[in-house]
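Sending over a structure as structure tokens; questions will come in a sec.
Please treat every number below as a calculation from the coordinates, not as lab data. Predicted model only: the values in this text are computed from it and were never measured. As a convention, Cβ positions derive from the backbone with ideal geometry for all residues, glycine included, and neighbour counts pool all protein chains shown.
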Amino acid sequence: MHTTALVLFSGGQDSTTCLAHALARYERVETLGFDYGQRHRVELEARTQVLARLRERFPGWGRRLGEDHLLQLDVLAQIGGSSLTEDIAFAMQANGLPNTFVPGRNLLFLTLAGALAYRRGLQVIVTGVCETDYSGYPDCRDDTMKAMQLALSLGLDQRLVIETPLMWIDKAQTWQLAETLGGRALVDLIVEDTHTCYEGDRSHRHDWGWGCGRCPACELRAQGWKGYVEAGGEAGSGASSTA
């Protein structure tokens, strides 16, 4: 039975929901973030804020929340060509993928997460990739995750599990999952403290949180919030968490 986990934690909506999911399941949970030269560097500040808020508002989870790790990975910015690492407009590429795709990003993230999990004695790697509401990134697909799990387990000679709680749910269901895990308190924390916007905009406040409201990440988050509220989620999420 698995008791420890490492969560790939960016400070955004999805990774915060995955962190809550892990804290509800495992006895010891550590977090891992990456500074890869991203334009939306405000997410690095959001990570610290969200972790502090989780410890403060969910003391039961706080006792399970262990060390946070931040690794430098600016080689992705050196490779370039992505609107997440360069000051270029968001657009579709000739191959049908948006130029927000950073080639190899999740593959590198998971490889380094595997190495860290090995050193820290952690059994499960949790990541917020999703094949339902996503931009078509090939390194977010379920097949990719299964292949990485096999490669890491073989390459490290140690069984590692890659867990993807959001793989088959859409953004509205991700909001609902957060409510199920932590009640209105967690939903409010995600709205107020997490960061998803690719532009790094923290000056415009919407019902679903902070962001420019125009980039692909904001559009997905806003659409998910709309579906969540229409399904009665936010209005009925007043129950407090017992975490």
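May I ask you to list the chymotrypsin sites (Phe, Trp or Tyr not before Pro) in the stretch 164-223 that are in a DSSP loop and have at most 14 other Cβ atoms within 10 Å of their Cβ? Provide the component values of the computation, followed by the final result.
On the way: sites: Trp168, Trp175, Tyr198, Trp208, Trp210; in loops: Trp168, Tyr198, Trp208.
Sparse-neighbourhood loop chymotrypsin sites (Phe, Trp or Tyr not before Pro): Trp168.
Moving on to the next point. Would you tally the net charge around Trp210, using a Cβ to Cβ cut-off of less than 15 Å, leaving Trp210 out, and scoring K and R as +1, D and E as -1?
Net of charged neighbours comes to -2.
What spacing in nm lies between the two simple spin-label points modelled at Asp188 and Leu112, each 7 Å away from Cα in the Cβ direction?
The answer from the label model is 3.5 nm.
While we're looking at this one, here's another question. Full-extension gain between Arg63 and Ser153, please, as 0.36 nm times their residue separation minus the C-alpha to C-alpha distance. If you can, show how the numbers build up before the last one.
Details: separation 90, 0.36 × 90 = 32.40 nm, distance 2.88 nm.
Value of the extension gain: 29.5 nm.
Next up: Between His204 and Asp142, what is the FRET efficiency for a Förster distance of 41 Å, r being their Cβ-Cβ separation, to the nearest 0.05?
For His204 and Asp142, the calculated efficiency is 0.75.
Ala147: net charge of surrounding residues, Cβ under 12 Å, Lys/Arg +1, Asp/Glu -1, itself excluded?
-1
Looking at the stretch 144-223, which trypsin sites (Lys or Arg not before Pro) are DSSP coil and have at most 12 other C-beta atoms within 10 Å of their C-beta?
Arg159
Multiplying the sequence separation of Glu230 and Leu70 by 0.36 nm and subtracting their Cα-Cα distance, what value in nm do you get?
Numbers: separation 160, 0.36 × 160 = 57.60 nm, distance 3.72 nm.
Taking 0.36 nm per residue and subtracting the Cα distance, the gain is 53.9 nm.
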